[in-house]
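Remarks on the structure that follows.
The values are calculated or read from the model by the stated rules, or taken from the named source; none is laboratory data. Treat the numbers as computed from the prediction; the structure is a model and nothing was measured. Glycine also receives a Cβ, built like all others from the backbone with ideal geometry; neighbour counts cover every protein chain displayed.
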Amino acid sequence: MSSLTFLGAARTVTGSKHLLDIDGQRILFDCGLFQGLKELRQRNWSALPIPADTIHAVVLTHAHLDHTGWLPRLVASGFKGKIYCTGGTFDLSKLILADAAHIQEEDARHANKHGFSKHHPALPLYTRADAAAALAQFKACAFHTKVQVSDRLEVEFINAGHLLGSSFVLATRRGNGGGRMLFGGDLGRYGRPILPDPSPAVEADVLLLESTYGDRLHPPEDDGAAFAAVVQETVARRGKLIIPAFAIGRVEELLYWLHRLEDQGRIPKLPIYVDSPMALEGLEFYGQRRSELDPDQATRGDTPRFTAVESAEESKRLVQTPGPSIVIASSGMATGGRVVHHLFAELPFERNTILFVGYQAAGTRGRQLIEGAHHIKMYGQEVPVRARIAKVNGMSAHADAGEIMRWLRTFPRVPKITYLVHGELPVQEVLKARVQKELSWTVEIPSHGQTVELPL
């Protein structure tokens with residue numbers, strides 16, 4: 001018997017956790033943090049519905065926090081097995097988990113110092129020691145190589161084109177008919193810089209499909225015109241351009257476009273700061289794994305011009321530095337990290353621009369800002385929003401509806417069942433209807449905590 005329980009990313013875009021129970025062995029695919037709405041974030045503090053020490057192994061699709069960020073909590077709860085992933089995912093997870101733990105420790109310390117937590121004392125979800133313990137259980141694997149993760153299951157990582165090391169994971173049952181299940185992770189895009197296109201799909205009986213942008217299309221390729229316009233308008237106001245960016249993946253593309261637009265004379269040469277230690281280390285990993293990048297990037301030897309902001313003191317000085325400049329800082333949804341200090345300082349002034357270049361989950365500061373909030377709560381204060389809030393959708397690393405359909409058409413045969421995950425319910429309903437109409441597939445939208453029997 002085999003079953004699947006949806007413990008996260010069910011009718012929401014964060015907290016990916018999919019528990020496969022196959023012939024009595026439990027394998028967890030992804031182990032992410034919930035982000036955004038308070039009711040979702042509170043789930044991070046709840047134990048799984050099964051003891052952590054009954055999970056045989058964890059398999060990761062990629063390193064983003066909403067797919068890996070609960071691992072330290074899982075290990076601290078008693079999980080003793082191995083965590084399987086690609087080499088690129090392991091590299092980036094070392095940065096992401098340590099940074100997440102540091103932010104949580106700092107947020108708890110800040111809350112205790114200033115007394116704005118309802119809990120006394122405020123505690124971090126996990127510590128840097130917990131993150132280090134989780135990383136000690138990682139096992140890096142090559143793409144396109146079968147890896148036995150339990151007596152009953154082997155997996156293969158296939159490049160998904162979403163992030164360095166990102167993959168969709170083919171899980172094959174050993175014996176008993178050899179059923180195949182494809183965990184889609186996050187699907188990348190076609191024809192974008194930095195990363196290769198998503199690999200074609202492979203045969204599978206069951207598919208878990210990301211649906212973040214399943215009801216819309218990204219703007220047509222404009223060769224950076226919208227980005228250039230935002231830069232030019234901010235310079236005309238003598239303001240700062242603050243870009244909250246996911247430290248891993250998005251920073252690389254931002255630097256690529258700034259370099260290209262400068263080189264073409266479409267924007268003036270401004271001071272460009274990358275204020276994220278994690279992003280700076282991530283850039284090094286991308287450089288070390290050029291063979292996994294888009295062929296055009298793999299042959300590039302130059303690094304776009306920018307100033308690295310490494311220490312906290314340098315970051316504080318940058319916050320206080322006036323004049324036109326571009327500051328790229330994490331986190332991408334403005335939920336934590338150094339970008340919050342920049343927003344706290346720059347949101348009240350009309351000359352500045354805050355530019356979002358990625359998906360903003362419900363309940364995040366980023367979503368509040370793009371939806372027109374007049375005040376944002378930070379550090380226990382209500383900060384007025386007078387800066388211009390802009391969004392450029394073309395840089396998203398998530399496939400849109402057209403790209404999802406393009407990828408689905410690469411399947412050698414129709415899966416018996418497709419489950420839509422990692423998306424908000426109204427979006428998923430639109431994508432479900434489209435897949436059913438155009439492809440005649442069987443599609444379901446699971447709910448949080450639901451268990452389904454699998455045709456494997």
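What the table shows:
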| item | result |
| --- | --- |
| Any hit, the stretch 188-211, residues being within 13 Å of SER396 (Cα to Cα), aromatic (Phe, Trp, Tyr) and out of contact with any Leu (no Cβ under 9 Å at 6 or more places or on another chain) | yes |
| Qualifying residue in the stretch 37-47 (condition: touching a Leu at 6+ places or on another chain (Cβ under 9 Å) and crowded, with 21+ Cβ neighbours inside 10 Å) | no |
| SER93 being farther than 22 Å from GLN25 by Cβ and free of Cβ contacts under 8 Å to residues at least 40 places away in the same chain | no |
| Count of the stretch 203-239 residues which are closer than 30 Å to THR418 by Cβ and either surrounded by 23 or more Cβ atoms within 10 Å (Cβ to Cβ) or of a type outside the set (Lys, Arg) (or both) | 18 |
| The stretch 1-35: number of residues that are outside any strand (DSSP E or B), of a type in the set (Gly, Ala, Ser) and surrounded by fewer than 23 Cβ atoms within 10 Å (Cβ to Cβ) | 1 |
| Test: residue in the stretch 126-145 that is among the β-branched types (Val, Ile, Thr) and touching a Phe, Trp or Tyr at 6+ places or on another chain (Cβ under 9 Å) | yes |
| Segments classed as strands (runs of 3 or more DSSP E), wholly inside the stretch 351-456, with at least 2 members that are of a type in the set (Val, Ile, Thr) and either touching a Leu at 6+ places or on another chain (Cβ under 6 Å) or buried (at least 18 other Cβ atoms within 10 Å of the Cβ) (or both) | 353-356, 417-421 |
| Single match in VAL340, VAL319, VAL274, VAL309 (criterion: farther than 23 Å from GLY224 by Cα, surrounded by 23 or more Cβ atoms within 10 Å (Cβ to Cβ) and free of Cβ contacts under 8 Å to residues at least 60 places away in the same chain) | VAL309 |
| Failed criterion for LEU258 (all others in (1) in a helix (DSSP H, G or I); (2) surrounded by fewer than 20 Cβ atoms within 10 Å (Cβ to Cβ) hold) | (2) |
| Qualifying residue in the stretch 117-124 (condition: polar (S, T, N, Q), surrounded by fewer than 18 Cβ atoms within 10 Å (Cβ to Cβ) and modelled with pLDDT under 85) | yes |
| Residue list for the stretch 51-104, restricted to those being in a loop (DSSP other than H, G, I, E, B), touching a strand residue (DSSP E or B) at 6+ places or on another chain (Cβ under 7 Å) and under 26 Å from SER291 (Cα atoms) | LEU60, THR61, HIS62 |
| Which listed residue is touching a residue at least 40 places away in the same chain (Cβ under 8 Å), farther than 30 Å from GLU233 by Cβ and not acidic (Asp, Glu), from VAL452, VAL443, VAL435 | VAL452 |
| In the stretch 242-278, the residues that are touching a helix residue (DSSP H, G or I) at 6+ places or on another chain (Cβ under 9 Å) and among the small types (Gly, Ala, Ser) | ALA245, ALA247, GLY249, SER276 |
| Qualifying residue in the stretch 142-157 (condition: crowded, with 19+ Cβ neighbours inside 10 Å, in contact with a Cys (Cβ under 7 Å, 6 or more places away or on another chain) and either aromatic (Phe, Trp, Tyr) or not assigned by TED's automatic domain parsing to the domain that holds ASP21 (or both)) | yes |
| Selection within the stretch 171-206 - closer than 22 Å to CYS31 by Cβ, among the hydrophobic types (A, V, I, L, M, F, W, C) and under 20 Å from the mean Cα position of the chain (by Cα) | LEU182, PHE183, LEU187 |
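Residues are listed down the side, and each one gets a yes or a no for (1) more than 21 Å from the chain's Cα centre (by Cα); (2) closer than 30 Å to HIS341 by Cβ; (3) free of Cβ contacts under 8 Å to residues at least 24 places away in the same chain:
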| position | (1), (2), (3) |
| --- | --- |
| GLN368 | no, yes, yes |
| GLU382 | yes, yes, yes |
| ARG388 | yes, yes, no |
| PHE411 | yes, no, no |
